[in-house]
Amino acid sequence: MSIVTRFAPSPTGHLHLGHAFSATIAWRRAREAGGRFLLRLEDIDPSRCRPEFATAILEDLAWLGLDWDGDVRVQSGHLPEYQALLDALSERGLLYPCFCTRADIAREIEASANAPHAPDGSLIYPGTCRALSADERDARIAAGERFALRLHMQRAVQGPLSFEEEGDGTIVCNPAAFGDVVLARKDAPASYHLCVTHDDALQGVTLVTRGQDLQPATHIHRLLQALMGWPAPQYAHHRLLTDAAGRRLAKRDRAATLRDLHTGGVSAGDVRAMLGV
Ligand code: GLU
């Protein structure tokens, strides 16, 4: 089977060295195996993504010397596909509307005796809206109240699941540890989890390479794959680059962007040597 990898950044800022590391790993894995390397822009969050960053990502990757196969998939151009998935899951009784605000959730958690955390560090949703009656749900929707859609985790988990992590072997999934995750936000048409899993399947990705900060999310992705009958790719979560102080590079910290390096006279070859990939 021919290998298909991908780099799937969200255009919320300029690419930094951490992205260059991640993109180069995916690109190299495909090129060395004579496979395909895909580029996808995960821009479904309108409040954080900007078209100028999308353009800059393509320029910066080209500057770095990475080429991709086929057209770039831009998620915001495919919203009806994600809506169809949400409709299908809703019809199966696997989603419910959640009207809670962040403050409602915080209040509910504070009032309860314990506040368990999901493996990704987020607080587990206490399930408030799962208990609403159908009449109450309908009334609130009819009144125009905005809502997110959450996965009814208890119904969704049907049996044991695992994924293959390169180097580590089989990892047993525990999606229930995340609680009722959001699959469509109040302010965004679909969630990262839904879109990334759908697109990896649609595009025939066989090897997902990405930072190890996203490994916890893979437990949810594996569940969605099982629910939708999509194939499970192989996973290779890589280490995260850190700065001199040992902190993870992130856009919000203004980590050295490829643009800054370029403008400062650093060549793409220097960047690749710096990254060691
Ligand atoms: N779009 C995600 C991000 O930029 C990455 C998705 C993935 O590689 O699975 O963090």
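A short reminder: the numbers here are calculations on the coordinates, not readings from a lab. All of these numbers come straight from a predicted model, not from anything done at the bench. Cβ placement follows ideal geometry from the backbone for every residue including glycine, while neighbour counts extend to all protein chains displayed.
General observations
- Tally of residues being farther than 15 Å from Glu81 by Cβ and without any contact (Cβ under 8 Å) to a residue 40 or more places away in the chain across the range 194-206: 0
- Residue, farthest from Leu64 (Cα to Cα), within the range 30-42, restricted to residues that are basic (Lys, Arg) and more than 10 Å from the ligand (Cβ to nearest atom): Arg36
- Qualifying residue in the range 62-85 (condition: aliphatic (A, V, I, L, M), in contact (Cβ under 8 Å) with a residue 12 or more places away in the chain, touching a helix residue (DSSP H, G or I) at 6+ places or on another chain (Cβ under 9 Å) and farther than 18 Å from Val205 by Cβ): yes
- Under the condition of being touching a residue at least 12 places away in the same chain (Cβ under 8 Å), more than 19 Å from the chain's Cα centre (by Cα) and surrounded by fewer than 19 Cβ atoms within 10 Å (Cβ to Cβ), the residues counted in the range 30-47 number 3.
Residues checked against (1) within 10 Å of the ligand (Cβ to nearest atom); (2) among the charged types (D, E, K, R); (3) more than 14 Å from Ser22 (Cα to Cα); (4) in contact with a Cys (Cβ under 7 Å, 6 or more places away or on another chain):
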{"residue": "Asp200", "(1), (2), (3), (4)": "yes, yes, yes, no"}
{"residue": "Val205", "(1), (2), (3), (4)": "yes, no, yes, no"}
{"residue": "Arg210", "(1), (2), (3), (4)": "yes, yes, no, no"}
{"residue": "Ala217", "(1), (2), (3), (4)": "yes, no, yes, no"}
{"residue": "His221", "(1), (2), (3), (4)": "yes, no, yes, no"}
{"residue": "Gln225", "(1), (2), (3), (4)": "no, no, yes, no"}
{"residue": "Pro233", "(1), (2), (3), (4)": "no, no, yes, no"}
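- Each residue in the range 77-95 was checked for being under 26 Å from Arg36 (Cα atoms) and in contact with a Pro (Cβ under 8 Å, 6 or more places away or on another chain), and 2 of them qualify.
- Top-ranked residue in the range 12-29 [being closer than 16 Å to Leu64 by Cβ and among the polar types (S, T, N, Q); ranked as surrounded by the most Cβ atoms within 10 Å (Cβ to Cβ)]: Ser22
- Which numbered condition Leu183 fails, given (1) part of a loop (DSSP other than H, G, I, E, B); (2) over 13 Å from Phe99 (Cα atoms); (3) in contact with a helix residue (DSSP H, G or I) (Cβ under 8 Å, 6 or more places away or on another chain): (1)
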